[in-house]
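Student: Here it is, the structure, as structure tokens.
The values are calculated or read from the model by the stated rules, or taken from the named source; none is laboratory data. Remember, predicted model here, so these are calculated numbers, not experimental data. Here the Cβ positions follow ideal geometry from the backbone for every residue, glycine too, while neighbour counts run over all protein chains shown. Ligands, DNA and RNA are excluded from the accessible area calculation, which covers all protein heavy atoms including side chains. Shrake-Rupley method; radii C 1.70, N 1.55, O 1.52, S 1.80 Å.
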2 protein chains.
Amino acid sequence: MNTRNLTLLTDLYELTMMQGYFETQENETVIFDVFFRNNPNNGGYSIMAGLDQVIDYIKNLNFSYEDVDYLRGLGIFSEDFLHYLSGFHFSGDIYAIPEGSVIFPKEPLLKIVAPIMEAQLVETAILNIINHQCLIATKASRVVYAAQGDGIMEFGLRRAQGPDAGLYGARAAMIGGCVGTSNVLAGQMFDVPVMGTHAHSWIMSFKDEYTAFKEYARLYPNACTLLVDTYDTLKSGVPNAIRVFTEMRDAGIHPKSYGIRLDSGDLAYLSKKARKMLDEAGFTDAVIAASNDLDEFLINDLKIQGAKIGSWGVGTNLITSKDCPSFGGVYKLSAIQNSDGEFIPKIKISENVEKITNPGDKTIYRVYDKETGKIRADLICFADETWNEEDELLLFDPNATWKKTRLPGGSYTMKEILLPIFKHGECIYESPSVMEIAQFCKKEKETLWDETKRLFNPHGVYVDLSRSLYDTKTRLLDEMSK
Amino acid sequence: MNTRNLTLLTDLYELTMMQGYFETQENETVIFDVFFRNNPNNGGYSIMAGLDQVIDYIKNLNFSYEDVDYLRGLGIFSEDFLHYLSGFHFSGDIYAIPEGSVIFPKEPLLKIVAPIMEAQLVETAILNIINHQCLIATKASRVVYAAQGDGIMEFGLRRAQGPDAGLYGARAAMIGGCVGTSNVLAGQMFDVPVMGTHAHSWIMSFKDEYTAFKEYARLYPNACTLLVDTYDTLKSGVPNAIRVFTEMRDAGIHPKSYGIRLDSGDLAYLSKKARKMLDEAGFTDAVIAASNDLDEFLINDLKIQGAKIGSWGVGTNLITSKDCPSFGGVYKLSAIQNSDGEFIPKIKISENVEKITNPGDKTIYRVYDKETGKIRADLICFADETWNEEDELLLFDPNATWKKTRLPGGSYTMKEILLPIFKHGECIYESPSVMEIAQFCKKEKETLWDETKRLFNPHGVYVDLSRSLYDTKTRLLDEMSK
């Protein structure tokens with residue numbers, strides 16, 4: 001169902017460069033890293049998401065007859081090259097941090113090890129998928145944090161940037177901690193809970209609000225959330241809802257979940273008034289749900305003002321990550337294999353020190369405090385470096401090397417977090433289900449210090465380089481500047 | 001190719017409401033309007049886009065066996081209702097403003113006339129598609145305006161919010177006036193020009209920059225744009241490019257189009273320096289292309305500072321409409337047909353006067369100044385009202401009725417802009433090609449006064465109500481307040 005051939009979902013320059021490599025190079029094996037430079041929304045961490053869609057994309061890579069024909073029509077590709085494309089498949093290795101993991105700037109989220117023609121082709125689609133889903137999972141995680149344990153429902157499909165943004169955005173939102181989505185197709189595709197109530201048009205299609213509520217309660221007695229703001233929230237909506245709840249109670253109907261939804265007006269004021277009215281009528285377990293332009297900051301503020309809201313529907317601001325609608329993931333060459341099979345580190349310099357890449361064939365170890373289980377730092381090192389948890393570990397900031405921390409042997413644990421996904425073009429990784437990933441993500445967030453989870457000005461997590469990687473980087477920079 | 005069944009791409013509440021209507025109502029024919037309340041980015045106009053995808057969606061609406069089975073599994077739908085769904089098809093009428101049209105807040109972009117169950121189902125997907133494409137077409141139009149005739153290339157796929165956002169975003173960007181996209185699949189699907197050069201990785205994969213340029217020029221002599229900022233733009237990149245262009249000239253090769261691309265650093269400063277170097281070497285026709293976090297405001301500012309850039313690659317900020325990543329299109333009930341076949345106007349009130357809807361079965365006439373061909377106003381009226389261009393036309397602001405304009409008969413022309421697309425479930429409209437729509441959009445923008453096209457604080461276009469519509473709206477509001 002819904003499988004699409006996304007092979008041409010790439011920038012034209014990937015194909016022109018491929019032809020260039022085809023004509024001029026030996027198609028050496030190279031390494032590209034996917035990494036990002038800053039957490040969105042000035043946050044202290046991000047959430048990894050989208051790997052399962054990258055896996056599907058890589059598995060299904062092939063140029064159909066129509067694709068080759070279309071490319072031929074552009075008049076810039078040789079028949080030899082088009083012939084090569086018609087037999088194309090991905091033959092390389094891919095490593096990745098699993099979905100749901102907490103991730104930090106500058107560390108490789110994915111490492112692609114493949115002949116340069118293949119590694120180049122897949123750049124655009126991999127970035128597209130990873131940038132989108134990491135963005136929305138991270139945003140969702142922030143919104144969930146602000147709600148302090150209340151459920152967040154993802155309601156953004158109508159404002160998402162196209163069907164996929166709604167679908168994969170819902171997937172990412174679930175990974176980030178939402179309890180459900182309004183998006184039925186996402187529910188079907190990813191086996192996640194779908195949720196919803198009714199719209200103003202439901203109320204308007206009946207002769208009056210009371211009748212609309214009564215009919216809704218009759219049809220859905222077990223999930224009976226009534227939208228109370230069509231005419232006048234406190235004068236009409238809440239009283240009519242209470243009337244219907246009272247009739248249900250009198251008839252001996254005790255809904256599993258019931259309540260009201262506020263979708264306009266001042267949510268702090270209205271929720272407190274409505275709570276009082278519901279409580280006075282004996283409906284202390286009725287849930288007040290709210291929607292209308294919510295994000296983590298407004299939820300945070302409403303909480304501070306004592307809003308009596310127990311369930312939040314978040315739409316536009318979550319599904320578009322409105323205040324930061326792109327995740328700046330990039331794809332950079334870090335090494336080229338020589339004829340002896342050795343990976344020669346490559347570096348991209350920049351006037352901006354933050355934009356200088358980390359060279360070589362690398363991996364990442366996550367370093368945890370043994371006592372608390374919290375993350376002390378991520379350590380980027382060469383893939384062949386070995387570590388012993390009984391040794392003292394020296395951590396230092398790669399941009400300010402005088403900032404040093406020494407962890408005594410035995411005080412920390414280490415875990416390699418970049419895992420093999422494809423080996424010689426074969427997928428060797430089985431993705432967990434979305435709800436399993438969401439469960440894992442919840443545990444991952446427990447490894448963060450509270451200071452890192454804060455919405456405003458959080459404490460960043462250290463991402464350090466091994467001594468050996470740092471020295472290589474410094475040497476390459478010195479050579480460049482000559 | 002790439003056809004997907006998007007029938008379940010809807011909010012769960014559309015389906016629960018449908019079942020509610022199925023159980024409680026006669027499935028009366030109703031009218032829903034799609035409209036938006038504000039132009040994105042505080043602009044003076046927006047661009048209509050996405051209709052062709054809405055048409056595809058409506059044509060392909062059907063619940064597969066798997067869809068019905070999935071819904072059954074949710075445990076909230078009756079077998080009778082599921083049986084109804086399994087035979088579902090859209091049987092209503094749809095009217096729309098054609099793609100590429102300039103559009104303004106509060107006017108119906110689409111009008112859906114259908115039995116309430118059908119009209120309710122299609123809300124979410126229609127909004128998703130229209131909101132996305134109108135947003136990106138509008139943003140593109142602003143960027144194109146800022147470039148004052150230079151070509152804008154859409155380069156955002158890697159930062160788009162998923163594959164569709166890249167694909168349909170590229171489509172919308174072309175409608176808004178871009179000259180091409182880097183997105184190859186968009187090129188294939190929509191028959192639009194694809195463009196691109198090479199990345200830093202191309203340079204880094206050769207032993208030096210000069211060799212990389214030379215090989216690129218050999219392979220693509222007719223579209224030879226060299227990326228000059230991998231190492232040092234002015235000390236290495238531009239001199240190496242000039243060396244290669246000189247060798248081409250000496251060999252008698254005269255490229256159709258050639259030049260350099262700047263992707264970092266200060267684009268005003270670097271482009272002026274590079275222009276001087278190119279001109280001094282005799283390459284006055286070499287084009288300087290630029291990319292790197294561009295949007296309409298930066299392009300505008302670079303133009304003011306005399307940047308010597310003739311071609312602009314715009315990525316993230318265009319494909320996500322970064323400063324305003326959602327288009328606030330809504331879908332509101334405006335009328336219900338009674339048993340006599342008459343449409344009874346319905347209104348949704350709100351404490352916010354801007355949020356009050358326009359009731360009834362409506363259409364839109366665009367009123368042009370006869371002499372200049374520029375738009376004087378859009379006039380929303382009942383669908384059965386008739387107009388005579390020889391009569392005086394009274395225009396008044398529906399929120400400030402004392403603001404009146406009288407257009408003498410013969411001084412204006414009128415055109416109905418809401419056109420029939422579906423009739424009794426059959427599509428009766430043939431969409432133009434994307435490039436035809438782009439052509440049409442260019443002409444549409446000529447009907448705007450310059451004051452409306454300005455990036456900052458533009459003059460809004462009047463969207464007025466007919467006397468009859470205004471009176472009905474006032475009467476309904478009066479009745480409500482009783």
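Student: What is the residue count in the range B:79-101 for residues that are in contact with a Phe, Trp or Tyr (Cβ under 8 Å, 6 or more places away or on another chain) and over 24 Å from B:ASP56 (Cβ atoms)?
Tutor: Total meeting the criteria: 2.
Student: Select from the range B:275-319 the residues that are among the aliphatic types (A, V, I, L, M) and within 17 Å of B:ARG142 (Cα to Cα) and write down the one among them that is nearest to the other protein chains (Cβ to nearest Cβ).
Tutor: Pass one, the range B:275-319, residues among the aliphatic types (A, V, I, L, M): B:277-278, B:281, B:286-290, B:294, B:298-299, B:302, B:304, B:307, B:309, B:314, B:318-319.
With the extra rule that they be within 17 Å of B:ARG142 (Cα to Cα), the set shrinks to B:294, B:298-299, B:302, B:304, B:314, B:318-319.
Details: B:LEU294: 14, B:LEU298: 16, B:ILE299: 18, B:LEU302: 18, B:ILE304: 24, B:VAL314: 13, B:LEU318: 11, B:ILE319: 8 Å.
The selected residue is B:ILE319.
Student: Please specify each residue of the range B:359-385 satisfying the condition of being in a loop (DSSP other than H, G, I, E, B), touching a strand residue (DSSP E or B) at 6+ places or on another chain (Cβ under 6 Å) and open to solvent by 20 Å² or more (accessible area, probe 1.4 Å). So that I can check it myself, show each step before the final result.
Tutor: Of the residues in the range B:359-385, the ones in a loop (DSSP other than H, G, I, E, B) are B:359-361, B:370-374, B:383-385.
Retained after the next criterion (residues that are touching a strand residue (DSSP E or B) at 6+ places or on another chain (Cβ under 6 Å)): B:359-361, B:370, B:383.
Passing the criteria: B:ASP361, B:LYS370, B:ALA383.
Student: If you scan the range B:1-34, which residues turn out to be more than 8 Å from chain A (Cβ to nearest Cβ), hydrophobic (A, V, I, L, M, F, W, C) and closer than 29 Å to A:GLY180 by Cβ?
Tutor: Listed by number, the residues that qualify are B:MET18, B:PHE22, B:VAL34.
Student: So which residues in the range A:419-473 are in contact with a Lys or Arg (Cβ under 9 Å, 6 or more places away or on another chain), part of a helix (DSSP H, G or I) and under 28 Å from A:MET117 (Cβ atoms)?
Tutor: Answer for the range A:419-473, where residues must be in contact with a Lys or Arg (Cβ under 9 Å, 6 or more places away or on another chain), part of a helix (DSSP H, G or I) and under 28 Å from A:MET117 (Cβ atoms): just A:LEU469.
Student: While we're here: Identify all residues within the range B:320-350 that are aliphatic (A, V, I, L, M), facing chain A (nearest Cβ under 8 Å) and surrounded by 17 or more Cβ atoms within 10 Å (Cβ to Cβ); write none if there are none. Don't jump to the end; show me each part of the working.
Tutor: Of the residues in the range B:320-350, the ones aliphatic (A, V, I, L, M) are B:330, B:333, B:335-336, B:344, B:347, B:349.
Filter once more, keeping what is facing chain A (nearest Cβ under 8 Å): B:333, B:336, B:349.
If the condition is that a residue be aliphatic (A, V, I, L, M), facing chain A (nearest Cβ under 8 Å) and surrounded by 17 or more Cβ atoms within 10 Å (Cβ to Cβ), then B:LEU333, B:ILE336 are the ones that fit.
Student: Are any residues in the range B:300-313 within 24 Å of B:ALA172 (Cα to Cα) and either within 16 Å of the chain's Cα centre (by Cα) or open to solvent by 30 Å² or more (accessible area, probe 1.4 Å) (or both), and if so, which ones?
Tutor: B:ASN300, B:GLY310
Student: Sticking with this structure for a sec: Failed condition for A:GLU390, given (1) over 27 Å from A:ALA335 (Cβ atoms); (2) open to solvent by less than 40 Å² (accessible area, probe 1.4 Å); (3) not in a helix (DSSP H, G or I), with all others met?
Tutor: Tallying (1) over 27 Å from A:ALA335 (Cβ atoms); (2) open to solvent by less than 40 Å² (accessible area, probe 1.4 Å); (3) not in a helix (DSSP H, G or I), A:GLU390 fails exactly one: (2).
Student: Same structure, new question: Would you confirm whether or not the range B:276-292 contains a residue that is touching a Ser or Thr at 6+ places or on another chain (Cβ under 8 Å), on the phi < 0 side of the Ramachandran plot and hydroxyl-bearing (Ser, Thr, Tyr)? Break it down into steps so the answer makes sense when it comes.
Tutor: Here is the first cut: in the range B:276-292, the ones touching a Ser or Thr at 6+ places or on another chain (Cβ under 8 Å) are B:278, B:281, B:287-290, B:292.
From what's left, on the phi < 0 side of the Ramachandran plot: B:278, B:281, B:287-290.
Subsequent filtering for residues that are hydroxyl-bearing (Ser, Thr, Tyr) retains none.
No, the range B:276-292 has no match at all.
Student: Here is a further query. Among the residues of the range B:396-404, is any away from every other protein chain (no Cβ under 14 Å), of a type in the set (A, V, I, L, M) and either open to solvent by less than 60 Å² (accessible area, probe 1.4 Å) or not in a loop (DSSP other than H, G, I, E, B) (or both)?
Tutor: Going residue by residue through the range B:396-404, those that are away from every other protein chain (no Cβ under 14 Å) are B:396-404.
From the residues that got through so far, the ones that are of a type in the set (A, V, I, L, M) too are B:400.
Then keep just the ones that are either open to solvent by less than 60 Å² (accessible area, probe 1.4 Å) or not in a loop (DSSP other than H, G, I, E, B) (or both); that gives B:400.
Yes, there is a match, as at least one residue in the range B:396-404 is away from every other protein chain (no Cβ under 14 Å), of a type in the set (A, V, I, L, M) and either open to solvent by less than 60 Å² (accessible area, probe 1.4 Å) or not in a loop (DSSP other than H, G, I, E, B) (or both).
Student: In addition: Just a yes or no: is a residue in the range A:245-254 modelled with pLDDT under 95 and not small (Gly, Ala, Ser)?
Tutor: yes
Student: A further question on this structure: Is it fair to say B:ASP285 is assigned to a helix (DSSP H, G or I), among the acidic types (Asp, Glu) and within 36 Å of the chain's Cα centre (by Cα)?
Tutor: Considered against the rule, which asks whether it is assigned to a helix (DSSP H, G or I), among the acidic types (Asp, Glu) and within 36 Å of the chain's Cα centre (by Cα), B:ASP285 comes out as no.
Student: Search the range B:137-161 for residues being of a type in the set (Lys, Arg) and at the interface with another protein chain (Cβ under 10 Å from one of its Cβ atoms), and hand back the single one that is nearest to A:SER64 (Cα to Cα). Don't jump to the end; show me each part of the working.
Tutor: Of all residues in the range B:137-161, those of a type in the set (Lys, Arg) come to B:139, B:142, B:158-159.
Add one more test, that the residue is at the interface with another protein chain (Cβ under 10 Å from one of its Cβ atoms), and what stays is B:158-159.
Values: B:ARG158: 22, B:ARG159: 26 Å.
Here the answer is B:ARG158.
Student: Would you mind finding the one in B:SER321, B:SER311, B:SER326, B:SER339 that is at pLDDT 95 or above and either closer than 30 Å to B:ASP361 by Cα or touching a His at 6+ places or on another chain (Cβ under 6 Å) (or both)? Reasoning before the result, please.
Tutor: On the way: B:SER321 fails: either closer than 30 Å to B:ASP361 by Cα or touching a His at 6+ places or on another chain (Cβ under 6 Å) (or both); B:SER311 fails: either closer than 30 Å to B:ASP361 by Cα or touching a His at 6+ places or on another chain (Cβ under 6 Å) (or both); B:SER339 fails: at pLDDT 95 or above.
B:SER326 is the lone residue from the list that is at pLDDT 95 or above and either closer than 30 Å to B:ASP361 by Cα or touching a His at 6+ places or on another chain (Cβ under 6 Å) (or both).
Student: Among the candidates B:VAL102, B:VAL144, single out the residue that is more than 26 Å from A:SER321 (Cα to Cα), hydrophobic (A, V, I, L, M, F, W, C) and buried (at least 24 other Cβ atoms within 10 Å of the Cβ). Write out each step before concluding.
Tutor: Working: B:VAL144 fails: more than 26 Å from A:SER321 (Cα to Cα).
None of the other options fit; the residue is B:VAL102.
Student: Pairs please, first residue from the range A:23-47 and assigned by TED's automatic domain parsing to the domain that holds A:TYR84 and within 19 Å of A:LEU127 (Cα to Cα), second anywhere and small (Gly, Ala, Ser) and open to solvent by 10 Å² or more (accessible area, probe 1.4 Å), Cβ atoms under 7 Å, 6+ apart in sequence or on different chains.
Tutor: Final answer for the pair search is A:PHE36/A:GLY328; A:ARG37/A:GLY328; A:ASN38/A:GLY328.
Student: Related question: In the list A:LEU85, A:LEU61, which residue meets the criterion of being within 14 Å of chain B (Cβ to nearest Cβ), open to solvent by less than 60 Å² (accessible area, probe 1.4 Å) and touching a helix residue (DSSP H, G or I) at 6+ places or on another chain (Cβ under 7 Å)? Outline the logic, then answer.
Tutor: Numbers: A:LEU61 fails: touching a helix residue (DSSP H, G or I) at 6+ places or on another chain (Cβ under 7 Å).
Sole residue among the options that is within 14 Å of chain B (Cβ to nearest Cβ), open to solvent by less than 60 Å² (accessible area, probe 1.4 Å) and touching a helix residue (DSSP H, G or I) at 6+ places or on another chain (Cβ under 7 Å): A:LEU85.
Student: Can we say A:MET48 is away from chain B (no Cβ under 13 Å), open to solvent by less than 10 Å² (accessible area, probe 1.4 Å) and in contact with a Leu (Cβ under 8 Å, 6 or more places away or on another chain)?
Tutor: Details: away from chain B (no Cβ under 13 Å): yes; open to solvent by less than 10 Å² (accessible area, probe 1.4 Å): yes; in contact with a Leu (Cβ under 8 Å, 6 or more places away or on another chain): yes.
So A:MET48 fits the description; yes.
Student: Are any of the residues in the range A:411-423 out of contact with any Pro (no Cβ under 7 Å at 6 or more places or on another chain), under 30 Å from A:PHE88 (Cβ atoms) and open to solvent by 40 Å² or more (accessible area, probe 1.4 Å)?
Tutor: Taking every residue of the range A:411-423 in turn, at least one turns out to be out of contact with any Pro (no Cβ under 7 Å at 6 or more places or on another chain), under 30 Å from A:PHE88 (Cβ atoms) and open to solvent by 40 Å² or more (accessible area, probe 1.4 Å).
Student: Sticking with this one: Whether any residue in the range B:255-268 is in a helix (DSSP H, G or I), surrounded by 15 or more Cβ atoms within 10 Å (Cβ to Cβ) and at pLDDT 95 or above is what I want to check.
Tutor: Taking the range B:255-268 as the starting set, the residues that turn out to be in a helix (DSSP H, G or I) are B:267-268.
Cutting the leftovers down to surrounded by 15 or more Cβ atoms within 10 Å (Cβ to Cβ) gives us B:267-268.
Next cut, at pLDDT 95 or above only: B:267-268.
Within the range B:255-268, one or more residues are in a helix (DSSP H, G or I), surrounded by 15 or more Cβ atoms within 10 Å (Cβ to Cβ) and at pLDDT 95 or above.
Student: From B:GLU79, B:GLU107, grab the single residue that is among the charged types (D, E, K, R) and open to solvent by less than 10 Å² (accessible area, probe 1.4 Å). Let's see the steps before the verdict.
Tutor: Working: B:GLU79 fails: open to solvent by less than 10 Å² (accessible area, probe 1.4 Å).
Result of the check over B:GLU79, B:GLU107: B:GLU107.
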